[in-house]
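The values are calculated or read from the model by the stated rules, or taken from the named source; none is laboratory data. Note that the structure is a prediction, hence the values are computed from the model and not measured. Cβ placement follows ideal geometry from the backbone for every residue including glycine, while neighbour counts extend to all protein chains displayed. When the accessible area is computed, the model is the full protein with side chains, heavy atoms only, and any ligands, DNA or RNA have been set aside. Shrake-Rupley method; radii C 1.70, N 1.55, O 1.52, S 1.80 Å.
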Amino acid sequence: MRTAYKVLAYLVAAEVAVQAMLIVWGIAGLGKWVNDGGVFDKAVIESEGTPPFPEVVGIIVHGINGLFVIPGLTLLLLIVSFFTKVRGAIKWAVVVFVLVVAQGQLGGLGHDFPLAGALHGLNALALFGVAIYTGRRLRAAAAVGVEQPEARTATPVS
C-alpha cells in the first residue's frame with residue numbers, strides 16, 4: 001500500500017505538469033491561429049465539427065484531465081492513505097484532495113472571473129508541490145521507521 005500511495009502522489013504531480021503543458025500548447029496554438037488570420041469569438045466556441053486549429057485538442061484534454069483523471073487519482077490516493085499505516089499519510093492525502101477540489105472550483109470560476117483563473121494557476125503550483133511532498137515524505141518516514149509507533153520495553157528493576 002505504501003508503494004501505491006507514493007505512486008499515486010507522484011502521478012498527481014505528473015498530471016499537474018501535463019495539465020500545464022496541455023493548456024500552454026492549446027493557447028499557443030490559438031495565438032498562432034489568430035496571428036494567421038483566424039478570428040476567435042463565441043461562434044468558434046459553440047461550433048461543432050472540424051476544430052479551428054489542431055492545438056485545440058490541448059484545451060479539450062486539459063478539461064477532461066482536470067475533471068476526471070486528476071480527481072480520480074486523488075480519490076484513490078485518499079482511499080489508499082487509510083491503509084498505508086504511516087503517520088500523516090491521511091492528513092497529506094486530504095491536503096492534496098482539498099487542493100484538487102479548490103483547483104476545479106477555481107478553474108470553473110475562471111470562465112466568469114478572470115482573477116479566479118489566475119488563482120487556478122497559482123493553486124496548481126501549490127498542488128504540484130504538495131503532491132511531490134506527499135510522495136517523498138512517505139519514503140522519508142519509512143527510512144526513519146516512523147510508520148510504526150515505538151514499542152516500549154520494560155526495564156527490569158534490580
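Which angle between 0 and 90 degrees, to the nearest 10, do you get for helix 70-81 versus the longest principal axis of the chain when only C-alpha atoms count?
Result, in degrees: 10.
Straight distance only, please: which lysines reach the Cα of Lys32 with their own Cα at less than 19 Å, same-chain residues fewer than 8 apart left out?
Within reach: Lys42.
Accessible area of the range 1-127 with a 1.4 Å probe: how many percent of it is carbon plus sulfur?
Roughly 74 percent, rounded to a whole number.
Tell me the GluC sites (Glu not before Pro) within the range 1-110 that lie in a loop according to DSSP and have at most 12 other beta-carbon atoms within 10 Å.
Glu48
If r is the Cβ-Cβ distance from Leu125 to Glu46 and R0 is 30 Å, what FRET efficiency results, to the nearest 0.05?
Taking R0 as 30 Å, the efficiency between Leu125 and Glu46 is 0.40.
At 1.4 Å probe size, with no ligands or nucleic acids counted, give the accessible surface of Ile64 in Å², nearest ten.
90 Å²
Just need the relative contact order of the chain here, percent rounded to a whole number, with Cα pairs under 8 Å and 6+ apart.
Dividing the mean separation by the residue count of the chain yields 33 percent.
What's the center-to-center distance, using Cα atoms, between the range 59-89 and the range 1-36 in Å?
Using only Cα atoms, the two centres lie 15 Å from each other.
What shape does the range 58-120 have by the C-alpha gyration tensor, where a ≥ b ≥ c are the square roots of the eigenvalues, rounded means a/c under 1.5, and otherwise prolate means a/b greater than b/c and oblate the rest?
oblate
For the range 1-40, rounded, prolate or oblate, judged on the Cα gyration tensor with a ≥ b ≥ c (square roots of eigenvalues), a/c < 1.5 rounded, else prolate if a/b > b/c?
Prolate, since a/c reaches 1.5 and a/b exceeds b/c.
At 222 nm, what helix-only mean residue ellipticity would the chain give, in deg cm²/dmol to the nearest 500, using -39500 (n - 2.57) for each DSSP H run of four or more?
Helix-only estimate at 222 nm: -24000 deg cm²/dmol.
Pairing the Cα long axis of helix 89-109 with the longest principal axis of the chain, what angle in degrees results, from 0 to 90 and rounded to the nearest 10?
10 degrees
Specify the angular offset, from 0 to 90 degrees and rounded to the nearest 10, of the alpha carbon long axis of helix 2-35 from the longest principal axis of the alpha carbons in the chain.
It works out to around 20 degrees.
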